[in-house]
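Everything on this sheet refers to the single structure shown next.
The values are calculated or read from the model by the stated rules, or taken from the named source; none is laboratory data. Given the structure is predicted, the values throughout are model-derived calculations rather than measurements. Here the Cβ positions follow ideal geometry from the backbone for every residue, glycine too, while neighbour counts run over all protein chains shown.
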Amino acid sequence: MANSFYITTPIYYINDVPHLGHGYTEVAADFIARFKRLQGFDVTFLTGTDEHGQKIAQAAEAKGVKPKEWADEIVPRWHEAWKALDISYDDFIRTTEARHEKPVQTFVQELYDRGEIYLGSYEGLYCVGCEAFKSPDELIDGKCPLHPTREIEHVKEENYFFRLSKYAERLIDLWESDERSVMPEVRRNEVLGKVRQGLDDLSMSRISFEWGIPIPWDSKHVIYVWIDALLNYITAAGYASDEARFNRIWPVDVHLIGKDILWFHSVIWPAMLMALDVPVPKTVYAHGFLLVGGAKMSKSSLTGISPQDLTETFGSDGYRYYFLREVSFGQDGTFSWESMVARYNSDLANDYGNLASRVLNMAGRYLGGAVPRTPADDELDEADRRLIDAYDQAFTGMEAALDGLSPTEALKAAWTFVRKANSYVEEVAPWALAKDESQHRRLEVVLYNLAESLRLIALLTFPATPRASQELWRRLGIDGELDRAAFATDGVWGGLPAGSKTTKGDALFPRLDDDQK
Ligand code: MSP
């Protein structure tokens, strides 16, 4: 059986519809998932929605509906957004589903039975925006820096506590060892630095509202929404419901998250798992924030733009490519319309789109759209070999970039080949060969090489721009579906069958006016 690769995104709060920040995580996870599928992994890509807790209860109340009704109404909007972005998730979990709620109770009961939970009382500050307890030094002018428009609540209530503090040493050992990782390195250091200062036990239930999963032995309490939410990663994998599946895909290979929720994923989550002797995640990767005008994009800061606002102009491919390529993965990045138009025009419309239309046009004009016989080794000259070499290097570079979980670096590597193919066109000048009957076979060889380059560019860029890739394969006369392709077989130079029939078609990426609004 193929090797399993399990990747997750956070499950998003459904107090509102998705914005570009959420779209960012989805697209990055989708890129990695598609790449791993091409590498032959048996991928499980999980996303979903986080539907319990005070934040959702308040959002529903503001609309005058019950939280579950609210959830049922808004979740389709999340599905729509991910469909518009061509997110190829394998599973979408909602925390209000029975397949989640039941195993969550099993897990928490087991913690209790093992003495990992005790009753206490909590007094302190709570940010409903983060659904998190806060210490005064985390606030700026009494407000949560991530949710400046929300009031901080003062909470005093009876709570159950999870014995988080006793896991400090084990967490330090875990993240210091090489066997598991928090990435990028700066995030690992951040976590280690904080854990070394010591940990408090964690309040893991709430009693002042009802919208949550009841504590099984004391139903006055609901399980703290973060405990409930984190468990989605194992409930969706079959924990306490499908043991065979769970053993096959757990531990997760990558939890991809934003840096805002690193603490929950790299401290609370592994400690919960350790408490029940469940293996901990292999990698937690915390990417940076998408900023608009210098501020973290969120609905409450009024910079929320929906993904569909942008796909109308740029298409799903343009959207995906821009965020993956423009924002150095792992760091914060700024979104602007102008940079999006510029990136689209230079990389997609010019480098990629023009190459495709030039090659397909020449194949049509000079060869009647018939892909010629595959060149034999002794028909290749130095220029041809440099082109093939550039492909090999781009492919190796992409694989290395993926080992470091960097879509940005992967795309840079892919574009070295796109640019090389463009310069090869200039170098071999098929239009000149076409004028000389004695050069006919040479013309066939260079056009084969170019059509083959297009086939491979489509394959390499499929994780970023799946629609264009599939369309390009179609125009090259290839039957296959790219989502069933594999690098091992399709990634080998020379795979384009002779006799395939090419077609021209409209621009893959129509150029946008610089001032297009
Ligand atoms: N429900 C929790 C997560 C539970 S996971 C067990 C939550 N939800 S959220 O809706 O607030 O989404 C947080 C995630 O959305 C971030 O970690 C990040 O992946 C993504 N982003 C939200 N805003 C973002 C930006 N402005 N920039 C980049 N990513 C952003 O927290």
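A few comments on the model shown:
- The stretch 497-517: number of residues that are out of contact with any strand residue (DSSP E or B) (no Cβ under 9 Å at 6 or more places or on another chain) and either hydroxyl-bearing (Ser, Thr, Tyr) or surrounded by fewer than 17 Cβ atoms within 10 Å (Cβ to Cβ) (or both): 13
- Taken together, 155, 182, 128, 191 contain a single residue that is within 27 Å of the chain's Cα centre (by Cα) and more than 26 Å from residue 277 (Cα to Cα), which is 128.
- Among residues of the stretch 441-467, those that are under 19 Å from the mean Cα position of the chain (by Cα) and either of a type in the set (A, V, I, L, M, F, W, C) or assigned to a helix (DSSP H, G or I) (or both), counted: 7
- Filter pass, residue 53 being on the phi > 0 side of the Ramachandran plot, within 16 Å of the ligand (Cβ to nearest atom) and buried (at least 22 other Cβ atoms within 10 Å of the Cβ): yes
- The residue pairs whose first member lies in the stretch 445-465 and is under 24 Å from residue 31 (Cα atoms), whose second member is outside any helix (DSSP H, G or I) and hydrophobic (A, V, I, L, M, F, W, C), and whose beta carbons are closer than 7 Å, counting only pairs six or more residues apart or on different chains, are 452/493; 452/496; 454/476; 455/476; 455/478; 455/496; 459/485.
- Hits in the stretch 51-96 - residues which are of a type in the set (D, E, K, R), under 23 Å from the mean Cα position of the chain (by Cα), over 23 Å from residue 465 (Cβ atoms) and part of a loop (DSSP other than H, G, I, E, B): 51
- Single residue of 494, 477 found to be of a type in the set (Gly, Ala, Ser), in contact with a strand residue (DSSP E or B) (Cβ under 6 Å, 6 or more places away or on another chain), modelled with pLDDT of 95 or more and over 28 Å from residue 345 (Cβ atoms): 477
- Any chance residue 426 is closer than 15 Å to residue 325 by Cβ and assigned to a helix (DSSP H, G or I): no
- Looking across the stretch 426-441 at every residue that is in contact (Cβ under 8 Å) with a residue 40 or more places away in the chain and surrounded by fewer than 19 Cβ atoms within 10 Å (Cβ to Cβ), the one that is farthest from residue 319 (Cα to Cα) is identified as 441.
- Selected residue (only one of 224, 160 is aromatic (Phe, Trp, Tyr), under 30 Å from residue 67 (Cα atoms), within 27 Å of the chain's Cα centre (by Cα) and modelled with pLDDT of 95 or more): 224
- None of 343, 373, 385, 365 is loosely packed, with under 15 Cβ neighbours inside 10 Å and either within 25 Å of residue 511 (Cβ to Cβ) or of a type in the set (S, T, N, Q) (or both) except 365.
- Those residues of the stretch 483-508 which are over 16 Å from residue 356 (Cβ atoms) and of a type in the set (A, V, I, L, M), in sequence order: 485, 486, 488, 492, 498
- Listed by first and then second residue, the pairs with beta-carbon distance under 8 Å, at least 6 apart or on different chains, first residue in the stretch 92-108 and free of Cβ contacts under 8 Å to residues at least 40 places away in the same chain, second surrounded by 20 or more Cβ atoms within 10 Å (Cβ to Cβ) and not aromatic (Phe, Trp, Tyr), form an empty list.
- Of the residues in the stretch 54-76, at least one is in contact (Cβ under 8 Å) with a residue 12 or more places away in the chain and within 28 Å of residue 5 (Cβ to Cβ).
- Matching residues, the stretch 442-470, being under 27 Å from residue 314 (Cβ atoms) and among the charged types (D, E, K, R): 455, 467
- Residue match in the stretch 25-35 (condition: hydroxyl-bearing (Ser, Thr, Tyr), within 10 Å of the ligand (Cβ to nearest atom) and closer than 30 Å to residue 152 by Cα): yes
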